[in-house]
1. Read through the list (1) of a type in the set (D, E, K, R); (2) within 22 Å of Ser121 (Cα to Cα); (3) surrounded by 13 or more Cβ atoms within 10 Å (Cβ to Cβ); (4) out of contact with any Asp or Glu (no Cβ under 8 Å at 6 or more places or on another chain), then give the number of the only condition that Arg72 fails.
2. So which of Leu95, Leu86 ends up being in contact with a Phe, Trp or Tyr (Cβ under 7 Å, 6 or more places away or on another chain), at negative phi and surrounded by 11 or more Cβ atoms within 10 Å (Cβ to Cβ)?
3. Please pick out the residue among Ser25, Ser17 that is open to solvent by 50 Å² or more (accessible area, probe 1.4 Å) and more than 18 Å from Trp111 (Cα to Cα).
Amino acid sequence: QVQLVESGGGLVQAGGSLRLSCAASGSGFIISHMGWYRQAPGKQRELVAVITSNRGSTNYADSVKGRFTISRDNAKNTVYLQMNSLKPEDTAVYLCNVRVVFAVTGTYDYWGQGTQVTVYS
């Protein structure tokens, strides 16, 4: 079993910054990659950014490129999302996603509880 704990959401004025973090705990697994998704009211969940654990390769949604940076600390099983130059359209619930591999049972996706990010103009 894997537990995810998110933190760092909040209310911020447009142009401001926030940093999200997501820590994974548990045992017996290897983390394949970690990422952030977001879901705004009435909209589908969308990928924001993802990072692989081995090479640290990253991928971003076009809407956040140049403003958001995803990073990870493998020793702490933690992923971060630094969000700069925030816009009102970034307002959403941000969810951490972690894909893990158990040697015997295979690959699973886990989701955090979500953290609210609200950007006002």
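1. With (1) of a type in the set (D, E, K, R); (2) within 22 Å of Ser121 (Cα to Cα); (3) surrounded by 13 or more Cβ atoms within 10 Å (Cβ to Cβ); (4) out of contact with any Asp or Glu (no Cβ under 8 Å at 6 or more places or on another chain) applied to Arg72, the lone miss is (2).
2. Selected residue: Leu95, the only one of Leu95, Leu86 that is in contact with a Phe, Trp or Tyr (Cβ under 7 Å, 6 or more places away or on another chain), at negative phi and surrounded by 11 or more Cβ atoms within 10 Å (Cβ to Cβ).
3. Result: Ser17 is the single residue among Ser25, Ser17 that is open to solvent by 50 Å² or more (accessible area, probe 1.4 Å) and more than 18 Å from Trp111 (Cα to Cα).
The values are calculated or read from the model by the stated rules, or taken from the named source; none is laboratory data. Remember, predicted model here, so these are calculated numbers, not experimental data. Heads up, the Cβs are rebuilt from the backbone with ideal geometry, glycines too, and the neighbour counts pull from every protein chain shown. Side chains included, ligands, DNA and RNA excluded: accessible areas come from the protein's heavy atoms. Shrake-Rupley method; radii C 1.70, N 1.55, O 1.52, S 1.80 Å.
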